[in-house]
Amino acid sequence: MALYKMEIYKICHRKIFVVCSVCVIVILLFAFSMQVLDEEATIDGVRYIGYRAVQVNRQITEEFKGVLTDEKVEQIAEKYGFPHKVESGWNYFRDANFLTQFVLDYNLSDGYMRSENDYRVGEKTCPIADSSLGEVIQLTGKEIILEYYHGWKAFLEVLAIGMVMGSILVLLSLSIIFANERQTKMLPLIFTTVEGRKKDIHAKMAAAFTITTVIWAVIFLLDLLLCGIVYGFDGLNCYNGMVVYLNYLLPWPERMIPMYYYVLMVVVLSLFGFIFLCAITICISARCKSSFHAVAVAAACFGGPVLAAMFTNGFVGIGKILAAAPVFMVIYRVVDDIYDIWLMPIGVAVVVSVICVLTAYSKYNRQQEF
């Protein structure tokens, strides 16, 4: 336990860990603030932006929350009208709110907005059965639930940014965990201690996985807390096509995933992506003789799959195996391509992580004898 605490202390008190941790938090807060500032709402001719717009959209949606019906669509149109304000340089109506934009996007009115030069102001509502929502209802046998769901879009966007930044923090913090001992020639001293060589290796690995899990948890919980406070948690009963694609729910399997299940997939994949990255990083660290080489090789392994995806067909056919790369597992958009085999990346991550840990243990344990 003493060695474990010492390794935790060594990792957390390195300047690069402290500086990068602060940067990750700042970037996450900035990304979240940008999501909030992007919100707009117009009620009775008064336009709201940012936090106030979020609260207004939440408030007006509460009245119509629940199963979407033709009667509710008519009530929304009667109470808030149809958006009509067009401004140069903006390819959407500038006087919409969450509800009127929902009616417009899903063709629940006869209006549309393709560009500032190609639009039509709505005059009447249209039946749900004649829209893409009607096709979804027929395929699923379930009604469409209307809730204010912008919070989950913000959560996913901020989570992706935070997890990528957190992955970089893990890479920089842990890639030197073994390599640094050889570079500073501390091995002869470390392995002559009373605690013994095996306990030192165990302590380093335990500390590495602990720090990795804590970094993931802080990013996830901070993002969830911010979104819960500002946006609330409504929207989990909606489909991912409504949330992720902002009102583009189509009768496609990858667009009809309930948000509670979609969020679960995203969160679990990101966790295993972090664990996978930790295992790969410590394996590389155990095989490198200098901190610089360890960081460089770990960074190359982390970014390599991105280049592979760019020069191939992406996540098509056998290319779906790329989804098991840590850099992709922490980005929620990967779920759209592997929604039906999303456990595959987790299985790959677990198997390869075990191999990496065993390899790191064997390599570091053997090299210390020389």
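The values are calculated or read from the model by the stated rules, or taken from the named source; none is laboratory data. Remember, it's a predicted structure, so these values are computed and weren't measured experimentally. Glycine also receives a Cβ, built like all others from the backbone with ideal geometry; neighbour counts cover every protein chain displayed. Heads up: the accessible areas ignore ligands, DNA and RNA and are worked out on the full protein's heavy atoms, side chains in. Shrake-Rupley method; radii C 1.70, N 1.55, O 1.52, S 1.80 Å.
Here is a list: ILE331, ILE341. Which entry is open to solvent by 50 Å² or more (accessible area, probe 1.4 Å) and under 19 Å from GLY162 (Cβ atoms)?
Values: ILE341 fails: under 19 Å from GLY162 (Cβ atoms).
Result of the check over ILE331, ILE341: ILE331.
Looking at segment 58-82, which of its residues are closer than 17 Å to HIS150 by Cβ, open to solvent by less than 40 Å² (accessible area, probe 1.4 Å) and of a type outside the set (S, T, N, Q)?
Across segment 58-82, the qualifying residues are ILE60, PHE64, LEU68, ILE76.
Which helices (runs of 4 or more DSSP H) does segment 64-170 wholly contain that include 3 or more residues that are at pLDDT 90 or above and over 29 Å from PRO253 (Cα atoms)?
Fully inside segment 64-170 and qualifying: 70-80.
Taking the residues in segment 42-57 that are of a type in the set (A, V, I, L, M) and not in a strand (DSSP E or B) as candidates, determine which candidate is surrounded by the fewest Cβ atoms within 10 Å (Cβ to Cβ).
Step by step, filter segment 42-57, then rank; the result is VAL56.
Restricting to segment 116-129, name every residue that is surrounded by fewer than 17 Cβ atoms within 10 Å (Cβ to Cβ), farther than 18 Å from ALA96 by Cβ and within 34 Å of the chain's Cα centre (by Cα).
Within segment 116-129, ALA129 is the sole residue that qualifies.
I want to confirm something. Restricting to segment 240-259 and keeping residues that are open to solvent by 20 Å² or more (accessible area, probe 1.4 Å) and outside any helix (DSSP H, G or I), which single residue is modelled with the highest pLDDT?
PRO258
Residue under question is GLY228, and the condition is that it be open to solvent by less than 50 Å² (accessible area, probe 1.4 Å) and free of Cβ contacts under 8 Å to residues at least 40 places away in the same chain; does it hold?
Taking the combined requirement at face value, the residue does not satisfy it.
Tell me which residues, restricted to segment 260-278, are β-branched (Val, Ile, Thr) and either open to solvent by less than 10 Å² (accessible area, probe 1.4 Å) or free of Cβ contacts under 8 Å to residues at least 12 places away in the same chain (or both). So that I can check it myself, show each step before the final result.
Residues of segment 260-278 β-branched (Val, Ile, Thr): 263, 266-268, 275.
Once the filter is applied, which keeps residues that are β-branched (Val, Ile, Thr) and either open to solvent by less than 10 Å² (accessible area, probe 1.4 Å) or free of Cβ contacts under 8 Å to residues at least 12 places away in the same chain (or both), segment 260-278 yields only VAL266.
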